[in-house]
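Read the figures in this text as sums done on the coordinates, not as results from a lab. Note that this is a predicted model, so its numbers are computed, not measured. Counting neighbours? That spans all protein chains shown, and the Cβs are built from the backbone with ideal geometry, glycine included.
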2 protein chains.
Amino acid sequence: MGVYDERRQGLYDWMEQEAVALAMFEDFEGRRDPSLRWLTGHPGDALLFLSQDRQSLLVPWDINMARCYAHADMAIPYGEMDRQPDRAIRQAADLFKTPLGSRVEIPPVTPYPVFLRYVESVNSFDILCRSNGLHEAAQERRAIKDGEELRIYRKAAEITNEVIDLLEQNVTAGKLRTEIDAALFIEAEGRKRGGEGTGFETLAAGPGRSFGIHAFPPYTAGPFASEGMSILDFGLKYEGYTTDVTLTFVRGTLSGRQEKMLSLTEKAYALALSMVKEGVSARGMAASVDAFFGKSKKAMPHALGHGIGMEAHEAPFLRNRADNTWQLKPGMIFTLEPGLYDPACGGCRLENDILLTGEGAEVLTRARIIRL
Amino acid sequence: MGVYDERRQGLYDWMEQEAVALAMFEDFEGRRDPSLRWLTGHPGDALLFLSQDRQSLLVPWDINMARCYAHADMAIPYGEMDRQPDRAIRQAADLFKTPLGSRVEIPPVTPYPVFLRYVESVNSFDILCRSNGLHEAAQERRAIKDGEELRIYRKAAEITNEVIDLLEQNVTAGKLRTEIDAALFIEAEGRKRGGEGTGFETLAAGPGRSFGIHAFPPYTAGPFASEGMSILDFGLKYEGYTTDVTLTFVRGTLSGRQEKMLSLTEKAYALALSMVKEGVSARGMAASVDAFFGKSKKAMPHALGHGIGMEAHEAPFLRNRADNTWQLKPGMIFTLEPGLYDPACGGCRLENDILLTGEGAEVLTRARIIRL
């Protein structure tokens with residue numbers, strides 16, 4: 001049985017338990033859901049239907065692309081359904097002979113007005129749209145990487161580490177002087193190594209712009225790694241999985257305040273890493289790091305980290321928020337990324353990707369604070 | 001009065017007519033809404049509240065960034081609201097003394113389960129979540145560009161045209177041989193000219209991959225503009241506004257079938273352009289082009305075009321779908337992008353950005369089919 005089939009079988013079991021007769025996944029602009037690729041290999045722009053009789057139907061925007069990539073039992077071009085999702089649901093239900101009145105689950109991100117339209121237009125079924133349904137079950141499964149995913153992720157990390165070393169060499173040698181230089185170097189080197197590209201737009205912020213958590217614009221023709229603190233935040237995508245790392249480059253003599261920011265960030269990173277263990281509360285970890293910064297009257301204006309995989313941000317979430325109930329489990333891959341930002345001093349962040357195994361934390365990437 | 005203030009005044013008028021006391025815009029990962037930037041200048045990752053007393057409150061993730069870019073009456077960091085949108089709504093209502101029981105409008109893309117949570121948690125107000133509400137009114141206004149937008153767009157088009165000419169020169173000179181070469185050349189040249197980056201990930205597909213409407217991965221280390229038909233689809237972003245053009249590069253002697261695809265695409269483009277006129281039905285235009293291809297037993301597997309601006313795809317939509325009621329109006333900027341794709345022959349597409357003025361169609365960009 002192929003890996004996609006195996007993943008679908010897990011969801012069919014779930015559907016059986018929950019008496020869901022038909023389920024739709026949707027991956028289009030504005031509402032991306034990489035679970036579709038995780039379940040079929042198809043890179044995107046498609047609907048996917050899973051039926052209680054353990055059959056899958058892909059409805060791709062581009063049927064030629066589906067012929068190259070998709071592993072599903074059937075495929076029908078979306079154009080044949082007039083590109084209308086409600087029509088696609090009715091057609092899938094016909095095809096699979098879904099019993100009238102049975103439960104049909106749609107994505108929990110379905111907008112309220114669209115949900116109302118489905119309920120009216122697909123009125124022979126019981127439409128479910130819920131946050132704790134099949135789509136969340138898929139996301140929970142995706143949070144624990146399987147063997148195939150670990151293989152891919154180790155390769156993505158290997159490419160990322162090669163590029164980090166090359167970045168250090170080339171910045172040191174004075175060959176990457178602007179934010180554009182640094183960002184496009186990453187784009188090219190990742191793809192030359194067989195990568196699919198960057199997992200998100202690279203953030204390259206020289207000392208004048210590094211105070212922004214996510215600098216805007218993400219990179220410019222301005223100087224990079226000049227006097228002060230520069231941030232380089234990027235991810236390389238390989239076979240659908242992205243890494244996510246942040247380097248800080250430091251040049252020249254820093255002020256006491258800047259040195260303090262760097263040293264607190266490194267200590268916060270070490271503290272976070274020391275807490276990584278099976279069963280630990282993700283919220284608790286984030287709260288500890290917030291408290292650590294708080295003791296020095298500093299505040300980190302973002303979360304401690306987040307899961308990564310097919311998405312740059314996915315489960316588990318390592319943030320100090322009341323609704324965060326995630327616990328760390330073996331097979332999870334997530335970032336730890338403490339940072340501090342100051343409009344007058346600039347910013348610094350250190351971010352690596354951590355795999356939790358049965359033996360403990362394995363730091364997959366080698367991002368670091370680089371003093372020039 | 002500044003441009004952001006003017007745009008907000010238009011929406012306050014609308015709110016008054018519709019008796020909406022408070023409205024929320026949301027721009028975060030997964031639910032992007034450039035209307036927020038259109039209304040404040042703030043680049044993103046924020047909530048925006050508009051109140052019936054014509055006051056605005058921005059709730060940014062990054063307050064430092066807001067200090068650089070945002071034009072709003074007030075700003076409160078999202079962190080102070082525990083990054084919870086329902087809490088932000090309650091706090092905004094308190095701040096503006098929104099009368100209990102009055103109408104509070106939230107984005108129409110709000111997922112159904114989130115809508116239910118708001119209704120429960122913000123229960124002193126009448127929560128509106130509808131597809132024909134304030135957010136659609138903002139999108140309709142954005143479809144007709146104002147003077148400031150036309151100024152920006154002409155500059156974006158000028159940069160795009162310079163880069164198109166440089167691409168032709170450099171491909172002809174043999175300096176851009178791979179998809180990576182072509183795509184990164186665009187990234188660098190756009191930013192060197194003051195652009196914010198590309199408006200979407202560049203699609204550079206050599207002859208072996210151009211059959212995909214949107215090639216996957218978007219660009220690779222493989223050959224570009226080698227023997228056959230190659231597609232280069234990109235947009236350059238300037239002050240928040242993106243262009244969207246597609247060039248086809250042709251090298252060597254083509255088969256009769258390939259020549260036919262090219263000539264039909266060029267004729268379809270000319271046909272579409274000839275129809276651009278105030279009051280014309282966008283659906284009708286798309287249907288005419290579909291019928292034109294149909295006469296030669298070809299089918300275009302995507303829409304004829306779409307509005308562009310702060311989003312790569314926005315209103316109006318030029319597609320042949322029953323629910324499309326858009327008519328062309330002066331001030332609209334949209335693409336025309338006929339194309340044909342064949343797994344055996346490759347693909348071709350020609351796409352330019354058209355502004356409709358009181359005098360008729362003005363072709364802003366100069367993408368073309370380039371024979372090497």
Through the Karplus equation 6.51 cos²θ - 1.76 cosθ + 1.60, θ set to phi - 60°, convert the phi angles of the range A:355-367 into ³J(HN,Hα) values in whole Hz; use x for Gly and Pro.
9, 8, 10, x, 8, x, 6, 10, 7, 7, 10, 10, 5
Normalised by the residues of the range B:3-141, what does the relative contact order come to in percent, with Cα pairs under 8 Å and at least six apart?
23 percent
Too long for a 28 Å Cα-Cα cut-off, among A:175/B:192; A:175/A:237; A:237/B:192, are none
Filtering chain B for DSSP H helices with an axial alpha carbon extent of at least 30 Å and a Kyte-Doolittle mean of at least -0.5 returns B:147-172
With -39,500 (n - 2.57) per DSSP H segment of 4 or more residues and division by the full residue count of chain A, the 222 nm estimate, nearest 500 deg cm²/dmol, is -11500 deg cm²/dmol
Relative to the other copies, what are the label-point distances for residue A:277, with labels 7 Å from Cα along the C-beta vector, expressed in nm at one decimal and sorted shortest first?
7.7
Let me have the relative contact order for the range A:302-355, percent, based on Cα pairs under 8 Å that are six or more residues apart.
32 percent
Taking R0 as 51 Å and r as the Cβ-Cβ distance between residue A:128 and residue B:251, the FRET efficiency 1/(1 + (r/R0)^6), rounded to the nearest 0.05, comes to 0.45
Based on DSSP, what percent of beta bridges with both residues in the range B:3-141 are antiparallel, to the nearest 5?
60 percent
Partner aspartates and glutamates for residue A:297 [C-alpha distance under 17 Å; skip if fewer than 8 residues away on the same chain]:
A:259, A:266, A:342, B:80
Shielding by partners for B:109-119, please: the mean number of other protein chain Cβ atoms within 10 Å of each residue's Cβ.
6
Using a cut-off of 21 Å between alpha-carbon atoms, which lysines can reach residue B:298, once sequence neighbours fewer than 8 places away in the same chain are excluded?
B:260, B:267
Search the structure for amide H atoms under 5 Å from the amide H of residue A:342, placed 1.01 Å from N in the peptide plane, and list their residues when 5 or more places away or on another chain.
A:347
Table column - 3J(HN,Hα) (Hz), the range A:209-214, Karplus curve with 6.51, -1.76, 1.60, x for Gly and Pro:
10, 6, 5, x, 4, 10
Note the distances from residue A:173 to each other copy's matching label point, with points 7 Å along the Cα-to-beta-carbon direction, in nm, sorted shortest first.
2.4
Residue A:327 long-range amide H proximity, modeled H, under 5 Å
A:282
Estimated inter-spin distance, residue B:3 and residue A:148, nm [label 7 Å along Cα→Cβ]
4.9 nm
Hand me the trypsin sites (Lys or Arg not before Pro) from the range B:112-159 located in a DSSP loop with no more than 16 other Cβ atoms within 10 Å, in residue order please.
B:130
Expressed in angstrom and rounded, the centroid-to-centroid distance over alpha carbons for the range A:172-245 and the range B:326-366 is 33 Å
Once the label point is placed 7 Å from Cα along Cβ, list for residue A:120 the distances to the corresponding points in the other copies, in nm, shortest first.
2.7
Quick calc, residue B:226 & residue B:325: beta-carbon distance into FRET formula, R0 35 Å, rounding 0.05, result 0.20
Extension gain (nm, one decimal) between residue A:177 and residue A:28, 0.36 nm per residue minus Cα-Cα:
49.9 nm
Would you please give the residues with an amide H less than 5 Å from that of residue A:240, counting only those at least 5 places away or on a separate chain, with H modeled from the backbone geometry?
A:196
Short version: ³J(HN,Hα) in whole Hz for each residue of the range A:62-73, in order, from phi by Karplus 6.51 cos²θ - 1.76 cosθ + 1.60 (θ = phi - 60°), x for Gly and Pro, what are they?
10, 5, 5, 5, 4, 4, 7, 10, 7, 10, 9, 5
